[in-house]
């Protein structure tokens, strides 16, 4: 817990008064560069940067889920995203930091547009390590959206600025019930500033 608080405080101090951070997610099929909106979504950004700075995602995480229009037959509200993080319960238990306060899109103004990165969650206030990237605009993931029954949406905190072709490639990989048959390994996640 102390380590997590230290990393969060350090991440916030590094981001304070400076421009937004950029982060490169290096996967086995190519790189995705993200701009992290520390100015608009400080809590969610600090959480993600704490994972980045601690090296917890490096060689332990992957992109493991693809949600396309053709693989969600039972969802009345359809979305398109890829999801990454630790995936396996044993890794989540070992590497996950405590959950964070939910920052809605109503608070931050960061909407789920094409290329937006956001935190996955169950109930409100359960986001921690798992994240997703939007393919196309996904307004149903915003505050008041219908994808999550509680209407609180998800906590968006940045956007892909380079490497959307890698996101598209991950999205079209073979899946079974939205989970990739062969998850795409994340080799490292590093700040590029």
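The values are calculated or read from the model by the stated rules, or taken from the named source; none is laboratory data. Quantities reported herein were computed from a predicted structural model and do not represent experimental measurements. Cβ atoms come from the backbone with ideal geometry, glycine included; neighbour counts cover every protein chain shown.
Odds and ends about this structure:
- The set of residues in the range 13-31 that are modelled with pLDDT of 50 or more, within 14 Å of residue 191 (Cβ to Cβ) and either touching a helix residue (DSSP H, G or I) at 6+ places or on another chain (Cβ under 7 Å) or surrounded by 14 or more Cβ atoms within 10 Å (Cβ to Cβ) (or both) comprises 20, 21, 22, 23, 24, 25, 26, 31.
- Residue 82 meets the conditions (1) closer than 22 Å to residue 23 by Cα; (2) touching a strand residue (DSSP E or B) at 6+ places or on another chain (Cβ under 8 Å); (3) surrounded by fewer than 19 Cβ atoms within 10 Å (Cβ to Cβ) in every case but one. The failed one is (3).
- Exactly one residue out of 129, 90 is over 20 Å from residue 175 (Cα atoms) and touching a strand residue (DSSP E or B) at 6+ places or on another chain (Cβ under 9 Å), and it is 129.
- Residue within the range 89-108 that is in contact with a helix residue (DSSP H, G or I) (Cβ under 7 Å, 6 or more places away or on another chain), at pLDDT 95 or above and within 18 Å of residue 32 (Cα to Cα) present: no
- A single member of 126, 104 is in contact (Cβ under 8 Å) with a residue 12 or more places away in the chain, surrounded by fewer than 18 Cβ atoms within 10 Å (Cβ to Cβ), over 26 Å from residue 182 (Cα atoms) and under 15 Å from the mean Cα position of the chain (by Cα), and it is 126.
Conditions (1) touching a strand residue (DSSP E or B) at 6+ places or on another chain (Cβ under 9 Å); (2) exposed (fewer than 15 other Cβ atoms within 10 Å of the Cβ); (3) modelled with pLDDT of 95 or more; (4) closer than 23 Å to residue 33 by Cβ, marked per residue:
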position: 149; (1), (2), (3), (4): no, yes, no, no
position: 156; (1), (2), (3), (4): yes, no, yes, yes
position: 160; (1), (2), (3), (4): yes, no, yes, yes
position: 167; (1), (2), (3), (4): yes, no, yes, yes
position: 176; (1), (2), (3), (4): no, yes, yes, no
position: 183; (1), (2), (3), (4): yes, no, yes, yes
position: 190; (1), (2), (3), (4): yes, no, yes, yes
